[in-house]
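The values are calculated or read from the model by the stated rules, or taken from the named source; none is laboratory data. Bear in mind that the values here come from a model prediction, so they are computed numbers and not experimental data. Note: ideal-geometry Cβ built from the backbone for every residue, glycine included; neighbour counts use all protein chains shown.
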Amino acid sequence: MSDVVTKYTDIAAQQEAEIAKLKEEILALQNGEVELSPEVEKLKVENQKLKYRLGHLLRSIAEEEKNTAKASSDDANVMTNISQKLETVFATAIKASFPELPNPSVAVESSKNDRFGDYQCNSAMAIAQQLRAIGKKTSPNEIAREVVKNLPPSDIIEKVDIAGPGFINIHIRRPFVSTVISDILNKGVRPPKTGGKRRVVIDMSSPNIAKEMHVGHLRSTIIGESISRLLVFAGHELVKVNHLGDWGTQFGMLIAHLQDRFPNYLTESPPISDLQAFYKESKVRFDEDAEFKKRAYTLVVKLQAKDPDIIKAWTMICDISFKAFEEIYERLGVKNLIPRGESFYQDMMVSTVETLESNGFVKLEEGRKIMFTDAGKVPLTLVKSDGGFTYDTSDMACIRYRIFEDKADWILYVIDAGQSIHMENIFAGGRMAGWYDPAKMRIEHIKFGVVLGEDKKKFKTRSGDTVRLADLLNEGMKRSLDKLKEKERDKVLTEEELLAAQRSVAYGCIKYADLCHNRICDYVFSFDKMLDDKGNTAVYLLYAFTRIKSIARLAKIDQAAILKAAATTPINLTHAKEWKLAKCLSRFPEIISRILSELLMHMLCEYLYELTTTFTEFYDVCYCVEKDRQTGEIVKVNMSRILLCEAAAAVMAKGFHILGLEPVNRM
Ligand code: ARG
């Protein structure tokens, strides 16, 4: 940095001296009125510019120094986001080069092909356009050269070169990456720096009582769990809420049917094992029997009036349902999910409607109380003409609760994309009511598409019913065991190991198949595809992981030895494949940073897949352990490479944890 500053100071001083000299000459010559020659005018302008640039550089340096000082104090728990660091360096150079642009474009990304360096800054073309817009014509190549000239020193950059019309290829320093790898081993896989800890409320899973949890709820559960784990890893505080559909008119018919089928329900807990069948039976009666229907309605009123006997019946039904849900969560490894269904907001709905009314947001239309928001044409129905509340009312009360009682500063709703209009309306309602400021608070609908069957139609059983989640998980378990047996793993693994592998593969593949696609899209559920051991699947990754983990074990190096070696052995990155693997590992923080802003988990799957294939390329050509051909005895261990393997395993394990995959050491 000081080199650049000295350079500019020198040039400026030199020019000043030149101008002074010229002025004197002119004065002497003309000995009268001074009219500056065009050359002097030009130099004067140039000089002004240089001085400005110098001032700018000095300010940037001071800023950068302040940041580094602050960073080093809290950097111990975070990993360096290389692309972001480079972006800061380039932003400094770009601002110094074009102070006339208020918002110059700055973008740095990792290179897809190492012919173009390790990272690239391709902002020159965009800057050329920005300059043209203010009447300056400069070629991208000239711009790139200017930027490179003004680059402040950086401990990451080895060198840069300009390619093509103005691409800046950045080559990063191997010793820097080598330290990143050692740090992974010594300090663990840590998150990148984020904008500070936040209290996040995440609405996930949210099935409906008495109805079977379906694949849509499975998606919400899997995606929500993974996002939660990511946010916890990033240091945020999480409140995971299960917004159960546990209130509403369907309870009238359920309770009426309960009273008929189990008249002693108040003293003896009813032995209902299949609540879905029970629901269907009551629905049939409700649709066919007018008398029953009438009774169902009076029971809804009684439930809303909190009649103790009716509340007891309601609680029983909820409990039976909830037990079944809990089993699913247990199998999927979902923990700390707080059940807080629609019923929770019952009493708050009254005051919510009142507040909205007194602030003039509510309109009366055909006996209904509605609220128009700026999100669309469909109004929110807050109170029905019969005085009852709706899904809209409960969500308005709920968002208010999350903002003011939960004191959330980030709220996520993991719900299918089909409810987009509803969600947008709720967010707009809250915003209009002044409950939150979208500039300060993230409230987002984490949308996802529909699960399709292999026939590309909505996922159903052969008889056209919704697939029961428990059955789906059972089938996954069966198919996973078949797969392991097909590979004759049952002959090598102990019974315990086999069961662990079976679980890991079954639940892992179902979760991964869901997460590895962009969640916004619909996805086709196929056991055959997800259990494939080639390609971007959980099976492929889990197998690769066990293989990596076995390298040190077979070389008879235990964890203690690895830790000891990590502290003393520098990671050698001379071989092209070692370098490629290390670079891939060092990109983990920037991948996490990106996912944190977009919450698209498939990016993590893609990264893990790339990491695994990069590892395979490395392992194919770089011997970690050399054995005697005859005796098979280990003759040489390349500790630096063993450490690279361990770092790869550590990053993979962290990625797996975030996705909810549970790797096993042997499978
Ligand atoms: N129970 C709803 C359903 O199954 C999902 C609830 C989502 N959460 C919310 N706050 N609306 O469609």
| field | The lone exception for Phe459 - which of (1) closer than 28 Å to Val651 by Cα; (2) surrounded by 21 or more Cβ atoms within 10 Å (Cβ to Cβ); (3) in contact (Cβ under 8 Å) with a residue 24 or more places away in the chain it fails | value | (1)
| query | Can you tell me which residue in the range 407-416 is nearest to the ligand (Cβ to nearest atom), limited to those that are crowded, with 17+ Cβ neighbours inside 10 Å and farther than 24 Å from Val215 by Cα? | reply | Ala408
| request: With the checklist (1) farther than 30 Å from Ala144 by Cα; (2) more than 16 Å from the ligand (Cβ to nearest atom); (3) surrounded by fewer than 22 Cβ atoms within 10 Å (Cβ to Cβ) in hand, flag the one item Ile184 doesn't pass. | output: (3)
| request: For Ile227, indicate whether it is assigned to a helix (DSSP H, G or I), within 16 Å of the ligand (Cβ to nearest atom), among the hydrophobic types (A, V, I, L, M, F, W, C) and farther than 21 Å from Arg402 by Cα. | output: no
| query | Is it true that Asp528 is part of a loop (DSSP other than H, G, I, E, B), surrounded by fewer than 23 Cβ atoms within 10 Å (Cβ to Cβ) and more than 16 Å from the chain's Cα centre (by Cα)? | reply | no
| How many of the residues in the range 373-387 are out of contact with any Asp or Glu (no Cβ under 6 Å at 6 or more places or on another chain), in a loop (DSSP other than H, G, I, E, B) and buried (at least 18 other Cβ atoms within 10 Å of the Cβ)? | 2
| said: Out of Thr194, Thr267, Thr298, I need the residue that is among the β-branched types (Val, Ile, Thr), within 30 Å of Gly508 (Cβ to Cβ), out of contact with any helix residue (DSSP H, G or I) (no Cβ under 6 Å at 6 or more places or on another chain) and surrounded by fewer than 21 Cβ atoms within 10 Å (Cβ to Cβ). Which one? | reply: Thr194
| task | Determine, yes or no, whether Ser105 is surrounded by 13 or more Cβ atoms within 10 Å (Cβ to Cβ), at pLDDT below 95, touching a helix residue (DSSP H, G or I) at 6+ places or on another chain (Cβ under 6 Å) and small (Gly, Ala, Ser). | result | yes
| task | Just give me the residues in the range 492-506 being within 11 Å of Arg479 (Cα to Cα) and surrounded by fewer than 23 Cβ atoms within 10 Å (Cβ to Cβ), in sequence order. | result | Arg503
| Has the range 471-483 got any residue that is under 23 Å from the mean Cα position of the chain (by Cα), at pLDDT 95 or above and not acidic (Asp, Glu)? | no
| task | Assess whether Ser504 counts as being under 25 Å from Leu608 (Cβ atoms), away from the ligand (no atom under 16 Å from the Cβ), touching a residue at least 24 places away in the same chain (Cβ under 8 Å) and within 25 Å of the chain's Cα centre (by Cα). | result | yes
| request: Name the single residue, out of those in the range 419-445 being within 13 Å of the ligand (Cβ to nearest atom) and either β-branched (Val, Ile, Thr) or modelled with pLDDT under 95 (or both), that is nearest to Thr355 (Cα to Cα). | output: Ile426
| Set Ile399, Ile328: member being in contact (Cβ under 8 Å) with a residue 12 or more places away in the chain, in a helix (DSSP H, G or I), surrounded by fewer than 21 Cβ atoms within 10 Å (Cβ to Cβ) and under 24 Å from the mean Cα position of the chain (by Cα) | Ile328
| request: Provide a single number: the residues in the range 201-210 that are part of a loop (DSSP other than H, G, I, E, B), within 8 Å of the ligand (Cβ to nearest atom) and either out of contact with any His (no Cβ under 8 Å at 6 or more places or on another chain) or over 14 Å from Lys240 (Cβ atoms) (or both). | output: 1
| field | Matching residues, the range 345-367, being touching a Ser or Thr at 6+ places or on another chain (Cβ under 6 Å) and surrounded by 17 or more Cβ atoms within 10 Å (Cβ to Cβ) | value | Tyr345, Met349
| Restricting attention to the range 309-317, does a residue exist that is farther than 11 Å from Ile255 by Cα and of a type in the set (D, E, K, R)? | no
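So is Gly235 crowded, with 21+ Cβ neighbours inside 10 Å, touching a Lys or Arg at 6+ places or on another chain (Cβ under 8 Å) and modelled with pLDDT of 95 or more or not?
No; evaluated as a whole, the condition is false for this residue.
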| request: Just one of (1) more than 30 Å from Asn518 (Cα to Cα); (2) more than 16 Å from the ligand (Cβ to nearest atom); (3) acidic (Asp, Glu); (4) within 37 Å of the chain's Cα centre (by Cα) trips up Glu268, so point out which. | output: (4)
| task | Would you mind finding the one in Lys302, Lys323 that is away from the ligand (no atom under 16 Å from the Cβ) and under 31 Å from the mean Cα position of the chain (by Cα)? | result | Lys323
| message | Could you check the range 573-628 and list, in sequence order, the residues that are acidic (Asp, Glu) and surrounded by 18 or more Cβ atoms within 10 Å (Cβ to Cβ)? | response | Glu578, Glu590
| message | Tell me yes or no: at least one residue of the range 239-253 is under 40 Å from the mean Cα position of the chain (by Cα) and assigned to a helix (DSSP H, G or I). | response | yes
| In the range 261-284, the residues that are among the charged types (D, E, K, R), within 26 Å of Leu469 (Cβ to Cβ) and either touching a residue at least 24 places away in the same chain (Cβ under 8 Å) or part of a loop (DSSP other than H, G, I, E, B) (or both) | Asp274, Glu281, Lys283
| task | Sort out which residues of the range 230-253 are within 16 Å of the ligand (Cβ to nearest atom) and in contact with a Leu (Cβ under 9 Å, 6 or more places away or on another chain), and write them in order of number. | result | Lys240, Val241, Asn242, Trp247, Phe251
| said: Just the residues that are among the hydroxyl-bearing types (Ser, Thr, Tyr) and at pLDDT 90 or above, please, taken from the range 266-289. | reply: Tyr279, Ser282
| note | Residue set Glu212, Glu291; condition in contact with a helix residue (DSSP H, G or I) (Cβ under 6 Å, 6 or more places away or on another chain) and either of a type in the set (Asp, Glu) or crowded, with 22+ Cβ neighbours inside 10 Å (or both); output residue Glu212
| query | So, in the range 477-520, of the ones that are outside any helix (DSSP H, G or I) and of a type in the set (S, T, N, Q), which residue ends up farthest from Ile223 (Cα to Cα)? | reply | Thr494
| task | List every residue pair whose Cβ atoms sit under 7 Å apart, with the two residues 6 or more apart in sequence or on different chains, where the first one lies in the range 190-217 and is of a type in the set (Asp, Glu) and the second, anywhere, is modelled with pLDDT under 95. | result | Glu212/Gln276; Glu212/Thr466; Glu212/Arg468
| request: Just one of (1) at pLDDT 95 or above; (2) within 15 Å of the ligand (Cβ to nearest atom) trips up Asn336, so point out which. | output: (2)
